[in-house]
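In what follows, a single structure is set out as structure tokens and then discussed.
The values are calculated or read from the model by the stated rules, or taken from the named source; none is laboratory data. Note that the structure is predicted; figures quoted are calculated from it, not measured. FYI the Cβ positions are ideal-geometry reconstructions off the backbone, even for glycines, and counts take in every protein chain you see.
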């Protein structure tokens with residue numbers, strides 16, 4: 001059966017939290033690891049960041065925990081409109097997306113997901129060496145998808 005995603009490409013679970021300091025502390029205790037660094041990602045609207053097709057600027061508090069082959073990523077919306085703020089307002093804390101690395105097939109995968117009826121215009125972010133696309137699959141799959149050519 002042909003599929004746009006390969007389970008071997010699974011790279012992350014993203015969880016939206018109201019208090020990233022508390023969540024990072026608790027996750028580190030649960031997993032027996034050092035508390036991850038918490039940083040602020042500033043996403044500048046324009047060609048490098050769009051939300052629902054519009055160039056929007058926002059800030060996110062981010063913490064990553066390496067899970068030996070994939071990453072547990074915590075996000076706390078910290079200003080401006082974003083997919084993450086939208087999720088927080090709708091659901092509160094919870095799993096926002098599962099991330100998949102698809103390599104050079106990125107455009108093909110996005111096209112296939114669009115043909116399956118998913119909104120592929122939720123969020124696009126471009127950063128040095130890669131990009132990410134949040135596919136709006138929440139209503140159908142219970143979670144959004146994050147498609148990346150490479151980590």
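Worth pointing out:
- Answer from 73, 89, 112 - the residue that is in contact with a strand residue (DSSP E or B) (Cβ under 8 Å, 6 or more places away or on another chain) and on the phi < 0 side of the Ramachandran plot: 73
- Considering residues of the stretch 105-132 that are touching a helix residue (DSSP H, G or I) at 6+ places or on another chain (Cβ under 8 Å) and either at pLDDT 95 or above or farther than 20 Å from residue 43 by Cβ (or both) only, the residue surrounded by the fewest Cβ atoms within 10 Å (Cβ to Cβ): 117
- Yes/no for residue 14 being surrounded by 12 or more Cβ atoms within 10 Å (Cβ to Cβ), at pLDDT below 95 and assigned to a strand (DSSP E or B): no
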